[in-house]
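What follows is calculated from the coordinates using simple rules that are stated; it is not laboratory data. From a predicted model like this one, the values you see are computed outputs, not experimental measurements. As a convention, Cβ positions derive from the backbone with ideal geometry for all residues, glycine included, and neighbour counts pool all protein chains shown.
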Amino acid sequence: MSLQDRLNELKATVLTQINTTDHLDHLNEIRVNTLGKKGPITEVLRGMKDISAEERPVIGAFANEIRDLLKDALELKKAELENLALNAQLAAEKIDVSLPGTDFEPGHAHVIQQIIEQLENQFLGMGYQIAEGPEVEEDKYNFEMMNLPKDHPARDMQDTFYITPEILMRTQTSPVQARTMEKHDFTQGALKMISPGRVYRRDTDDATHSHQFHQVEGLVIDKHITMADLKGTLLKVAQELFGEKHQIRLRPSYFPFTEPSVEVDVSWNDVDENTKPEDIEWIEVLGAGMVHPNVLKMAGVDPEVYGGFAFGLGPDRFAMLKYGVDDIRNFYLNDVRFLSQFK
Ligand code: FA5
């Protein structure tokens, strides 16, 4: 076969390869195999030494022509394949601007905060003020002024995180009673306050106990306050929060800062005149009582003239009761799937 025929055949084969490929990698392989140093065109040019001097320029020019033609065909195909790849990528990454956007739901208060706010609204409506006190508290306010001198055995009722022997994480919101009474000017009238906030105890966490939880303290001091006022107030609060059909029960108890003292339960279930007492299920939600004369005296209030009631309720337990949550720890796990139920 003459060199010209070989070159023509090579042209036809390579053009077919170029036309039928649809991969850039493959196209590059064809380029290297055809035009590279070990490729057929170089080989033809190398064989020129064996042909006559007259034929040499003709064959040389023809070989160059074929090489340029194949080079152009390769470039053209390369541009075509690159264009196809780009269009495919653009199609894949196309953004549909008509699709609806991501729906970011607005946040909302934590369920316990919601209970606290409901309680605040109720008590504000009954003429109470809202007082605040520090969470890192002095032993003096948390215990001593609550009629719990050092070494009083009842201190064991509230296992305490001490920071120094005199400074602690408050175990109850009761110290705010002492702080508010100290400042109150009784010539201006009665003291009616609530104080919501966080408290801390070295309690072992379980379904109804957390080492950090919330309390809402309540205190009313005036001249003629009785236990009936306490009971009426608590019944009203419980029924507004849980519904008219819920009842409360007062059980005798002991707190060093109240005398007499009670623990108050709210019924889990609805109660009416036909409900048998044994069918009522109770949950303890607060401690309360008539303020002990020693507590009044230590805060500079004359127990011969003034008296009143106090209570400390647990909004965490209120939230459990209101929403039928059987484990207090759910409130503290910060699982949005749980918390977002309470919008
Ligand atoms: C007290 O803390 C008293 N200061 C309450 C009080 C105030 C009595 C004023 C009299 C006058 P107690 O330890 O029982 O009492 O706690 C009160 C409420 O806090 C309980 O009824 C319960 O609802 C809640 N509570 C107590 N411990 C925990 C805990 N570990 N986790 C969650 N809630 C708790």
Worksheet item: Along the three principal axes, how long is the chain when you take its alpha carbons, biggest first, rounded to the nearest angstrom?
Response: 139, 54, 39
Item to complete: Can you figure out the FRET efficiency of Glu166 with Asn274, using R₀ = 45 Å and their beta-carbon distance, to the nearest 0.05?
Response: 0.20
Worksheet item: Expressed in nm to one decimal, what extension gain is obtained for the pair Gln118 and Val58 from 0.36 nm per residue of sequence separation less their Cα-Cα distance?
Response: 11.4 nm
Worksheet item: At 37 °C and 0.692 mPa s, what whole-number value in µm²/s does Stokes-Einstein give for the translational diffusion of region 73-188, with Rh from the Kirkwood sum over Cα pairs?
Response: 157 µm²/s
Fill in: Degrees, to the nearest 10: 55-92 long Cα axis against longest axis of the chain
20 degrees
Worksheet item: Using alpha-carbon positions, what is the distance between the centroids of region 232-259 and region 71-88, in Å?
Response: 83 Å
Worksheet item: Taking the mean number of other Cβ atoms within 10 Å as a proxy for protection, how do you rank 215-228, 48-61 from highest to lowest?
Response: 215-228, 48-61
Fill in: Eligible aspartates and glutamates near Lys49 by straight Cα distance, threshold 18 Å, same-chain separation 8 or greater
Asp5
Worksheet item: Against the longest alpha carbon principal axis of the chain, how many degrees, from 0 to 90 and to the nearest 10, is the axis of helix 3-20 turned?
Response: 20 degrees
Worksheet item: Each residue of region 165-177 in order: what ³J(HN,Hα) in whole Hz does its phi give by Karplus 6.51 cos²θ - 1.76 cosθ + 1.60, θ = phi - 60°, with x for Gly and Pro?
Response: x, 9, 10, 8, 7, 4, 8, 7, 8, 4, x, 5, 4
Practice prompt. Based solely on C-alpha atoms, express the radius of gyration and the Dmax of region 189-343 in angstrom.
Written response: 17.1, 54
Worksheet item: Okay, which of region 61-78 sit inside 18 Å, backbone N to the point 7 Å along the Cα-Cβ direction of Asp22?
Response: 77-78
Worksheet, complete the sentence: If Ser174, Ser2 are placed from fewest to most neighbouring beta carbons inside 10 Å, the sequence is Ser2, Ser174
Worksheet item: Going by alpha carbons, how many degrees (0 to 90, nearest 10) lie between the helix axis of 24-35 and the longest principal axis of the chain?
Response: 30 degrees
Worksheet item: Which residue, Leu99, Leu70, Leu191, tops the fluctuation ranking in a GNM of the chain built on C-alpha contacts under 10 Å?
Response: Leu70
Worksheet item: Over 23 Å between Cα atoms, which of Lys231/Lys322; Lys245/Lys322; Lys140/Lys231; Lys11/Lys77 qualify?
Response: Lys140/Lys231
Practice prompt. Give me the orientation-averaged projected area of the Cα convex hull of region 3-92, in nm², one decimal.
Written response: 5.8 nm²
